[in-house]
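Please read the structure below before turning to the comments.
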Amino acid sequence: MQTIEAIERRIDNVQDLLSIVRTMKTLAAVNIRQYEKAVESVADYNQTIEMGFQVALSHQAVRVAPVRPDPGGVLGAVIFGSDQGMCGQFNEQIASFAIEQLARQAAPAVILALGARVTGHLEALEQPLDEAWPVPSSVAGITPLILDIVMKIDAWGARRRVNRVLLFYNRPLSGATYRPHMLELLPVQWERFQRLSGARWPSRSLPIFTMDWQQLVSALLRQYLFVSLYRAFAESLMSENASRLATMQSAERNIQEHLEALNALFHQQRQRAITEELLDIVAGFETLTAGARQSV
């Protein structure tokens, strides 16, 4: 049977753990909000880019022919995970989903893994990786890493004959739920943008442009690639923190239940100790009383 002092130490340790869990829950909630704002901002920016494509393609009589990947080329994959744990099945799900989707592709693949946790799961599944990078810890760190990824994709194309690039990341749904998602980054799906050329313009003022058409489309294309990568980062980080928030909420409930059980055990042991002391006092008193009576 545990002593009262041992139970008190366990209660103190559990209370410290509860404090840590609550802190992590608060940080996850704050991070969700900042990444949610980033997702909203990039959605607005993406709409602006699509309007730019709508203007450019509606003023060009010649349609851009769709790019067909070289059958002998290599597939590039960027898998978004996390560096930190305590986020449920976040990394396991995206790693399994990515490997399953890559197995369906009729081409060899080179993989860039983002996040130490997802890297570990991919290696456990015996999936060879080209490189593994850490993920940014804030919104400010997303843009520099996007530039590194673009340079990596360029190097893939030059050295590894990569002509198709897929992004794998978790997309947030409602609340703390998310779903693995695959996006074909390259080649660009021109059919989607060409459909925009026939859409109705949202205002009465018809847009015009004066710069060279090819330069305009090239600039829009670069922004489209940037926005696609940025959104993948922001949605993945938002899903990660949503999963961590749900995990911490569950952990908090379990710890509180364990703490209540320890407190009940502490009071029970304390009451038993008090009762035993009272019984000892009563027994001692009765012994002394009996001895006094016998002497009389």
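The values are calculated or read from the model by the stated rules, or taken from the named source; none is laboratory data. Bear in mind the structure is a predicted one, so any value in this text is a computation, not a measurement. Reconstructed Cβ throughout: ideal geometry from the backbone, glycine too, with neighbour counts over all protein chains shown. Surface accessibility is based on the protein's heavy atoms, side chains included, excluding ligands, DNA and RNA. Shrake-Rupley method; radii C 1.70, N 1.55, O 1.52, S 1.80 Å.
Take LEU114 and tell me if it is farther than 18 Å from PHE90 by Cβ and modelled with pLDDT of 95 or more.
no
Taking region 182-235, which residues are open to solvent by 70 Å² or more (accessible area, probe 1.4 Å), within 28 Å of LEU112 (Cα to Cα) and modelled with pLDDT under 90?
GLN189, ARG192
Exactly one of these conditions fails for SER239: (1) open to solvent by 70 Å² or more (accessible area, probe 1.4 Å); (2) in contact with a Pro (Cβ under 6 Å, 6 or more places away or on another chain). Give me its number.
Every condition holds for SER239 apart from (1).
Step by step: first the residues of region 175-197, then only those that are aliphatic (A, V, I, L, M) and not in a loop (DSSP other than H, G, I, E, B), then the one that is farthest from TYR224 (Cα to Cα). Which residue is that?
Taking the candidates together, the pick is MET182.
Okay, residues lined up against (1) at pLDDT below 85; (2) outside any helix (DSSP H, G or I); (3) among the charged types (D, E, K, R):
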| site | (1), (2), (3) |
| --- | --- |
| GLU5 | yes, no, yes |
| SER19 | no, no, no |
| THR26 | no, no, no |
| TYR35 | no, no, no |
| ASP44 | no, no, yes |
| LEU57 | yes, no, no |
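Could you check how many residues of region 149-172 are open to solvent by 70 Å² or more (accessible area, probe 1.4 Å) and either in contact with a helix residue (DSSP H, G or I) (Cβ under 7 Å, 6 or more places away or on another chain) or over 21 Å from ALA98 (Cα atoms) (or both)?
Number satisfying all stated conditions: 5.
Among the aliphatic types (A, V, I, L, M), open to solvent by 20 Å² or more (accessible area, probe 1.4 Å), at pLDDT 90 or above and over 26 Å from ARG222 (Cα atoms) - does that describe any residue in region 118-139?
Checked region 118-139: at least one residue is among the aliphatic types (A, V, I, L, M), open to solvent by 20 Å² or more (accessible area, probe 1.4 Å), at pLDDT 90 or above and over 26 Å from ARG222 (Cα atoms).
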